[in-house]
1. Inside region 120-134, can you point out the residues that are surrounded by 13 or more Cβ atoms within 10 Å (Cβ to Cβ) and either not in a strand (DSSP E or B) or not β-branched (Val, Ile, Thr) (or both)?
2. Mind checking whether some residue in region 25-40 is modelled with pLDDT under 75 and in a helix (DSSP H, G or I)?
3. Which pairs turn up if I take residues in region 28-52 that are more than 17 Å from Lys142 (Cα to Cα) and look for partners that are surrounded by 10 or more Cβ atoms within 10 Å (Cβ to Cβ) with beta carbon separation below 6 Å, at least 6 apart in sequence or on another chain?
4. Pick out the one residue from Phe137, Phe93, Phe146 that is assigned by TED's automatic domain parsing to the domain that holds Gln68, surrounded by fewer than 17 Cβ atoms within 10 Å (Cβ to Cβ) and in contact (Cβ under 8 Å) with a residue 24 or more places away in the chain.
5. Which one of the conditions (1) outside any helix (DSSP H, G or I); (2) outside the structural domain of Phe146 (by TED's automatic domain parsing); (3) of a type outside the set (D, E, K, R) does Trp67 fail to meet, given that it meets all the rest?
6. Among the residues in region 102-109, are any of a type outside the set (A, V, I, L, M, F, W, C), surrounded by fewer than 17 Cβ atoms within 10 Å (Cβ to Cβ) and in contact with a Lys or Arg (Cβ under 8 Å, 6 or more places away or on another chain)?
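The values are calculated or read from the model by the stated rules, or taken from the named source; none is laboratory data. Since the model is a prediction, treat every value here as computed from it, not as a measurement. For neighbour counting, all protein chains shown are included, and Cβ atoms are generated from backbone atoms with ideal geometry for every residue, glycine included.
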Amino acid sequence: MKEKRGSLYTMHSRKAQAALEFLTTYGWAFLVILIMIGSLAYFGILNPSKILPSRCNFGPEFECLDWQIALSASEVKLKMRNNAGEPIVISSFTVGSETTTALSCTAPANIGTSNVWGTADVRDYTLTSCNLAAAGFQSGEKEKVFINMKYYGVKSGSSYTHEVKGEIFSGVI
């Protein structure tokens, strides 16, 4: 009987050793993969902003046709189409960003009660005097700008103001 116990003990010992070697081998492989991913991220190869495409989203009411974040001119430009279904008046633009320093710009000149934006019309809006450099924007990098636009329908009047939140994610030139 002692022989059976001895062989049973040896058999369990071999299985345990094989399991430990299996876990150790794959543990080292997993560690190497983590180090490789970390080094790729550190050197900017896995930077999501380099991989993601530029975009401009303002919801279904307004279609972004073109956009630009210009560091040298300190401005943000938008070319948009009114898909709100009625003529509107834009009452205000406000901007923001993900940076620690607040982003601020001067509103476009072509907003207010004397500037009715017709249905399906295309308009250019340029937000000027933006503190892009102070907010940490760098030429060649992709940055995100948040734009809140308040508008109202011509038929409804200014007491029925709506707000749409937009986002531009684009390379800074």
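1. Arg123, Tyr125, Leu127, Cys130, Asn131, Leu132, Ala133, Ala134
2. no
3. Correct list of pairs: Leu40/Leu46.
4. Phe146
5. The failed condition is (2).
6. no
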